[in-house]
Structures are given as C-alpha cells and as structure tokens.
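A.B. asks: Shown below is the structure under consideration.
Computed from the coordinates by the stated procedures, all read-outs in this text should not be read as laboratory data. Keep in mind that what you see is a predicted model, and the values were worked out from it rather than measured. Here the Cβ positions follow ideal geometry from the backbone for every residue, glycine too, while neighbour counts run over all protein chains shown.
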Amino acid sequence: MELTLNDRKDGDWTVLEVGGEVDVYTAPKLRERLVELVGDGQYRIIVDMTKVEFLDSTGLGVLVGGLKRIRSHEGSLALVCNAERILKIFRITGLTKVFPIYDTLDEALQDAT
Amino acid sequence: MSLVELHLPPDTQFVSLARLVVVTAARRSGMDEERLEDLRIAVSEATTNAILSHQRTEEAQRVVLSFGTRPTDEVFQVTIADAGPGFEPLPADDLVERDWQMEGGLGITLIRNLTDDVEFVRGEGMQVHLRFGVSLSSNGAS
C-alpha cells in the first residue's frame with residue numbers, strides 16, 4: 001500500500017493525516033511534507049497515524065527529524081496512534097518518552113500543548 | 001529445511017515485496033499474528049540495510065533473502081545477505097545510553113528486540129540471520 005498524506009488546519013494545530021506504509025521507499029515523501037509545513041511556519045503539528053498500516057525505523061527517523069525541526073522553532077509535534085503493533089516500536093526504541101502520543105485526534109487536540 | 005530464495009535488485013521499492021513474501025511464508029508455517037508483525041518489521045529493517053548498503057557502494061548485485069522453517073527445532077529463519085562492506089552492529093544494551101536525537105541505529109535496536117535470536121555475520125558481505133520460534137504441532141503445518 002502506498003503512503004497517503006493529507007493536512008488541514010484545526011484551530012492552532014495543523015493535522016497531518018498519514019495512511020498506508022511508511023518505510024525507506026515512502027518515508028522521503030513524509031519528510032518532505034513535514035519540512036514544507038515547518039517551512040510554511042506551521043510549528044504546531046499533530047501527525048495522525050490512525051490509518052498507518054506499517055511503520056519501521058525509517059519512519060521513526062523522519063518523525064524524530066520533524067520533532068527536532070519543530071522544537072528549533074519552540075513548537076510542538078504530537079502523534080495520534082492506537083495500534084499496538086505500531087506503539088510497540090515506539091516503546092522498544094524509547095520514543096514514547098519523546099513524543100506525546102494520544103489514542104484519538106480529539107484527545108490530542110484537547111490536551112496537546 | 002526447504003529454503004526459498006528471493007533475489008532483489010538494490011532498489012528500495014522492493015523492501016515492501018520482501019515483507020509481503022516472507023510474512024506470507026511464515027504465516028503458512030504457523031507463526032501467530034503477533035509474531036508475524038515482529039517478523040514484518042525485522043525483515044524490513046534488515047532488507048533496508050542491505051539495499052542501502054548496495055546503493056552506497058554502487059553494488060549492482062542482488063540482495064538475497066533465504067527463508068524457511070527448520071522442522072527439527074521449530075524455527076522460522078530468514079537470512080538477508082548482501083555484498084556490501086557490512087557493519088558492526090551496536091551492542092544490545094546501547095539503547096539505555098541512546099540520545100533520542102540520533103536518527104540512525106533504531107533498526108538494529110528493533111531487530112534485536114523483535115526476534116527470538118539474531119546473528120550478524122560480517123564476511124565478504126554481510127549476512128543477518130533472523131530466527132523466530134514457530135509451533136508446528138499446533139496447526140498441522142510441516
């Protein structure tokens with residue numbers, strides 16, 4: 001399955017909805033989109049991964065790169081993910097301590113700072 | 001053990017094909033769904049490393065995946081072999097000291113944690129052996 005990316009504004013936040021598979025072949029498109037959003041001055045981003053079918057370390061690396069880029073502008077990047085198979089790789093790599101991760105987009109929009 | 005081989009050109013578009021083929025074979029071997037997800041990620045990581053190694057060194061040879069079940073000890077094994085210069089994997093306990101801002105090295109951490117056993121062999125190329133236990137008796141697979 002190919003990668004799908006859709007973004008929209010929701011209040012102060014930009015919601016980037018990611019779907020499909022994020023691996024070494026598709027991750028550059030996600031990296032490019034995050035760079036574009038930050039370049040456009042969007043420093044409060046929620047990456048909604050509810051429709052992600054697969055994510056490996058290349059995808060994690062892109063999210064870490066996005067977080068570094070946003071933090072350099074004193075912004076925030078939060079994730080929405082409720083799939084155990086994906087949460088597991090965040091736990092193994094210790095990245096649950098780095099990213100705020102929410103079960104639903106509503107929770108992220110209410111709680112993320 | 002009857003091994004199946006998959007020969008991939010050094011192009012990242014084929015990593016998803018490697019995942020699909022190996023996971024399908026493991027499912028037929030009786031691996032349960034949770035372990036299939038672990039296998040899917042481990043194969044993706046090792047195949048990505050191999051293909052990128054060939055790309056960096058402009059190595060035109062194919063990356064070779066060999067996989068199958070060893071009935072004697074109920075292990076599903078995948079070997080990912082490349083002809084690149086190889087690498088020395090980070091030690092298993094490196095995660096504790098890890099700086100989250102490092103974007104590399106996450107793949108080896110995932111492989112170590114998601115497999116039952118892994119072996120990195122650096123010779124003329126690099127061979128990574130991924131091993132997963134399967135229960136042949138519970139599903140009638142052979």
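A.B. asks: Condition first: over 19 Å from B:R112 (Cα atoms), more than 14 Å from every other protein chain (Cβ to nearest Cβ) and under 15 Å from the mean Cα position of the chain (by Cα). Now tell me which residues in segment B:44-65 satisfy that.
C.D. replies: We begin by selecting, within segment B:44-65, every residue over 19 Å from B:R112 (Cα atoms); these are B:51-64.
Those left that are additionally more than 14 Å from every other protein chain (Cβ to nearest Cβ): B:57-62, B:64.
The answer is B:V64, and nothing else.
A.B. asks: Something else now. Does segment B:1-29 hold any residues that are surrounded by fewer than 17 Cβ atoms within 10 Å (Cβ to Cβ), within 10 Å of another protein chain (Cβ to nearest Cβ) and either under 12 Å from the mean Cα position of the chain (by Cα) or touching a residue at least 40 places away in the same chain (Cβ under 8 Å) (or both), and which are they?
C.D. replies: B:D11
A.B. asks: Out of all the residues in segment B:30-56, which are touching a residue at least 60 places away in the same chain (Cβ under 8 Å) and either part of a helix (DSSP H, G or I) or among the polar types (S, T, N, Q) (or both)?
C.D. replies: Across segment B:30-56, the qualifying residues are B:R35, B:D38, B:L39, B:I41, B:A42, B:V43, B:E45, B:A46, B:N49, B:A50, B:S53.
A.B. asks: Follow-up question, since we're still on this one. Among (1) within 14 Å of another protein chain (Cβ to nearest Cβ); (2) part of a helix (DSSP H, G or I), which single condition is A:E2 missing?
C.D. replies: The number of the failed condition is (2).
A.B. asks: State all residues of segment A:82-97 that are of a type outside the set (A, V, I, L, M, F, W, C), out of contact with any Asp or Glu (no Cβ under 7 Å at 6 or more places or on another chain) and either at the interface with another protein chain (Cβ under 9 Å from one of its Cβ atoms) or under 12 Å from A:D56 (Cβ atoms) (or both); if no residue qualifies, say none.
C.D. replies: Result: A:E84, A:K88, A:T93, A:G94, A:K97.
A.B. asks: Given (1) part of a helix (DSSP H, G or I); (2) within 10 Å of another protein chain (Cβ to nearest Cβ); (3) surrounded by 14 or more Cβ atoms within 10 Å (Cβ to Cβ), where does A:K68 come up short, assuming only one miss?
C.D. replies: It is condition (3) that A:K68 fails.
A.B. asks: Tell me which of these A:V24 doesn't satisfy, since it passes every other one: (1) assigned to a helix (DSSP H, G or I); (2) within 14 Å of chain B (Cβ to nearest Cβ).
C.D. replies: Condition (1) is where A:V24 drops out.
A.B. asks: Within segment A:36-49, identify whether any single residue is closer than 20 Å to B:S16 by Cα, more than 14 Å from every other protein chain (Cβ to nearest Cβ), surrounded by 14 or more Cβ atoms within 10 Å (Cβ to Cβ) and in contact with a Cys (Cβ under 8 Å, 6 or more places away or on another chain), and answer yes or no.
C.D. replies: Filtering segment A:36-49 for residues closer than 20 Å to B:S16 by Cα gives A:49.
Subset that is more than 14 Å from every other protein chain (Cβ to nearest Cβ): A:49.
Next, from what is left, pick out any that are surrounded by 14 or more Cβ atoms within 10 Å (Cβ to Cβ): A:49.
If we keep only those that are in contact with a Cys (Cβ under 8 Å, 6 or more places away or on another chain) as well, we get A:49.
For segment A:36-49, residues closer than 20 Å to B:S16 by Cα, more than 14 Å from every other protein chain (Cβ to nearest Cβ), surrounded by 14 or more Cβ atoms within 10 Å (Cβ to Cβ) and in contact with a Cys (Cβ under 8 Å, 6 or more places away or on another chain): present.
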